[in-house]
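A short worksheet on the structure shown next.
The values are calculated or read from the model by the stated rules, or taken from the named source; none is laboratory data. Bear in mind that the values here come from a model prediction, so they are computed numbers and not experimental data. As a convention, Cβ positions derive from the backbone with ideal geometry for all residues, glycine included, and neighbour counts pool all protein chains shown. Ligands, DNA and RNA are stripped out before the accessible areas are found, and what is left, the full protein with its side chains, is counted by its heavy atoms. Shrake-Rupley method; radii C 1.70, N 1.55, O 1.52, S 1.80 Å.
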Amino acid sequence: MPNDVLVVAEHLGGKLADTTFELLGKANELAHAGGGHSVVALVGAPSLAGELGAADRVLTVDHPALASYTAEGWERAVSAVI
């Protein structure tokens, strides 16, 4: 949807970063004001999806190549989401 706001979840060691929740709060505000949805892209850690209940949608991308962070892997994953 054209008025959706995408947040890329940041995580390390099985824990979501506080900034992810801050961005999600602002995404909800902006998206809902414009008639859209807040969408979170969760790369490489689908088990954390349940912690993102404030999002309207959570899209998970998981693949063995995403087990360890690489810029190229995340670029491909986020590009696929977009």
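A few points about this structure:
- Portion, in percent, of the accessible area of the chain that falls on carbon or sulfur, probe 1.4 Å: 56 percent
- Using the Cβ-Cβ distance between A33 and S79 with R0 set to 35 Å, the FRET efficiency from 1/(1 + (r/R0)^6) comes to roughly 0.85.
- Counted charge near V78, where neighbours are those whose Cβ lies closer than 14 Å (Asp, Glu -1; Lys, Arg +1): -3
- Cα long-axis angle, helix 18-33 against the chain (0 to 90 degrees, to the nearest 10): 30 degrees
- Residues in region 48-62 carry Karplus couplings, in order, of 8, 4, x, 8, 10, x, 6, 7, 6, 9, 10, 10, 9, 10, 9 Hz; the curve used is 6.51 cos²θ - 1.76 cosθ + 1.60 with θ = phi - 60°, and Gly or Pro positions show x.
- Among H32, H63, H11, the residue with the largest mean-square fluctuation in a Gaussian network model of the chain, with springs joining Cα atoms closer than 10 Å, is H63.
- Amide H contacts under 5 Å for D62, placed H, 5+ residues apart: G44
- Counted charge near A27, where neighbours are those whose Cβ lies closer than 10 Å (Asp, Glu -1; Lys, Arg +1): -3
- Between A67 and E22, the modelled label-to-label distance comes to 3.3 nm, taking each label 7 Å out from Cα in the direction of the beta carbon.
- With respect to the chain, whose longest principal axis is taken over its alpha-carbon atoms, helix 71-81 is tilted by about 40°.
- Per residue, in Å², the accessible surface of region 1-80 once ligands and nucleic acids are set aside, probe 1.4 Å: 61 Å²
- Amide H to amide H, with H built 1.01 Å from N, V8 comes under 5 Å of A41, counting only residues 5 or more places away or on other chains.
- GNM on the chain, alpha-carbon springs under 10 angstrom: the most fluctuating residue among T60, T19, T70 is T70.
- Between the amide H of H37 and those of D4, V5, distances stay under 5 Å, these residues lying 5 or more places away or on another chain, with hydrogens modeled in the peptide plane.
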